[in-house]
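To keep things clear, I will list the structure first and then write my remarks on it.
Each reported figure results from applying straightforward, stated rules to the coordinates on display, with no laboratory input. Being a predicted model, the structure only gives us computed values, none of them experimental. A quick note on method: Cβ atoms are made from the backbone with ideal geometry, for glycine too, and the neighbour counts reach across all protein chains shown.
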Amino acid sequence: MTVFLATFVGLLCLSAPIIVALGGCSLAYAIFSGNMPVTTLIQTIFGGLATFPLLAIPLFMLAGNLMNEGGITQDLIRFARLLLGHIRGGLGYATILACAIFAAISGAAVATAVAISMVMIPAMKKAGYDEDVAGALTCTAACMGPIIPPSIPFIIYGVTANVSIGALFMGGVFPGLLLGAALMIYMYFLAIRRKYPRDAKAPLKDILIAAGKALPALFMPVLILGGILSGMFTPTEAAGVACVYSTFVGVIVYRKLNFRNLPDVLLKAGLESGMVMMLIAMSEPFAWIVAVDQIPQMLIEWLTALTTSPWIILLFINIFLLLLGIPMETAPALVIVTPVLAPIAAHLGIDPVHMGIVICLNLVLGLITPPVGAVLFAVCGITGMSLDRLSRAIWPPFLVSLAVLAIVTYVPWLSTFLPRLFMGR
């Protein structure tokens, strides 16, 4: 175990890719411990990918890329702006609403931030909003991407912890909406204090026309969740249906998806999927070693020696995950901590769906924490804003997000009500 941990930490300190660190420490364990033959290591790597639910990851990534390339972003943003732009600070509300809708299509924070920031940040800046405020708001609102279903992190957690992915999807609805509502409240007071402008109120006819154009995109989350809840298909099959629907909308409805841009869409989705799937594959022997050497049990004994209160332990877990999310992105952090934290949650009697929501929300917030937040880099790259300026502006909405995290952590009902209502969990 000393060799295992030393190899893992050493490779990370050498700036090795997380995939290399996971595979390298597992190989070192297999060579030096004698408890894991190299053949078992290889079988574990390949066996980790041979699960039906993991097919949902490349399929949802492909569906999100198809919808984005199909031209939905402009229509979604126009609908959100016409609906909310007449309120003081309305462009901020429109940004949050657009992020929420796009999140229900892409399932990824970075994709949401890129798609929305390209249009909304220049529009907010032109209307008189502070650029750093617009950038920080977009970054934080993009964090709804992995929380509002469908969600790639939920799939990874569900497969790793053996938890229903459909239940995780349903459990993420209220926390995601709560984050959006909290950001709107923050934007309301900020807009009043800084006297941000408002658009002229759009005629009802224009709003209805915009809603009609955005309807094909708005229907996709309904199709996915409705199919899962009705029992028509599993989450993995829902991802396949989403790909077919995205192709139909892009080709027939929006008419922006064709054979010329399809290879780029497939290549982008393939590269994104390959990185995630390799990460999951290399995490399997890591999880096997963690379980065999009873690391979760040792942590449970250590934590219960400090306190027996689940609430205090959840506080420790939150602090640990927030610190972990600063240097590490969501997916690699998730495959590392889930094998350790899932048994702890089971020992404490914490609902596994609730624990999954807390872990994912924690790690997603790491995407907007300086200095290495992926969402921060994406928005800086699009807007040309300096990372230093955006990092200073991100703290107020980030603190709002921490308040939401605290509520989600200590009010389990938000994560468990819908799964119990619709799925009997």
Under 17 Å from Lys205, Cα to Cα: aspartates and glutamates that are on another chain or at least 8 residues apart: Asp75
Calculated diffusion of segment 53-190, Stokes-Einstein form, Kirkwood radius summed over Cα pairs, 4 °C and 1.567 mPa s, µm²/s: 86
Cα pair distances exceeding 43 angstrom across the chain, given as percent: 11
Rounded to the nearest 20 debye, dipole of segment 262-363 from Cβ charges on Lys, Arg, Asp, Glu: 100
Normalised contact order of the chain, rounded percent, pairs of Cα under 8 Å and 6 or more residues apart: 24
Estimated translational D of segment 211-358 in µm²/s (Stokes, Kirkwood radius over Cα pairs; 4 °C; 1.567 mPa s): 69
Degrees separating the helix 352-365 axis from the principal Cα axis of the chain, which is the longest one: 70
Estimated dipole of segment 36-423 in Debye, rounded to 20 [Cβ of Lys and Arg +1, of Asp and Glu -1, Cα centre]: 1540
Which of Tyr245, Tyr188, Tyr157 has the fewest Cβ neighbours within 10 Å, and the rest in rising order: Tyr188, Tyr245, Tyr157
Fewest-first ranking of Glu237, Glu329, using other Cβ atoms within 10 Å as the exposure measure: Glu237, Glu329
Folded to 0 to 90 degrees: helix 131-142 orientation relative to the chain principal axis, Cα: 50
Principal axes of segment 332-396: Cα extent on each, largest first, Å: 47, 23, 15
Pairs beyond 19 Å (Cα-Cα), from Lys213/Lys256; Lys125/Lys256; Lys125/Lys268: Lys125/Lys256; Lys125/Lys268
Top positive-direction residue, dipole computed over the chain with Cβ charges, set Met61, Val400, Ala269: Val400
Proximal aspartates and glutamates relative to Lys126, as straight alpha-carbon distance under 13 Å, when same-chain residues fewer than 8 apart are discounted: Asp199
Chain lengthening between Phe52 and Arg389 when straightened (0.36 nm per residue, less Cα-Cα): 116.9 nm
Taking segment 260-365 and dividing mean pair separation by its residue count, relative contact order in percent (alpha carbons under 8 Å, at least six apart): 34
Calculated [θ] (222 nm, deg cm²/dmol) that DSSP helices of n ≥ 4 give over the chain, each run adding -39,500 (n - 2.57): -25500 deg cm²/dmol
Separation between Cα centres of segment 362-390 and segment 106-154, rounded to whole Å: 11
Fewest-first sequence of Thr138, Thr307, Thr416, Thr2 by Cβ atoms within 10 Å of each Cβ: Thr2, Thr307, Thr416, Thr138
Segment 337-389, relative contact order [Cα under 8 Å, separation at least 6], %: 15
Largest-first ellipsoid semi-axes for segment 268-425, taking √(5λ) over the Cα gyration tensor eigenvalues, angstrom: 28, 21, 17
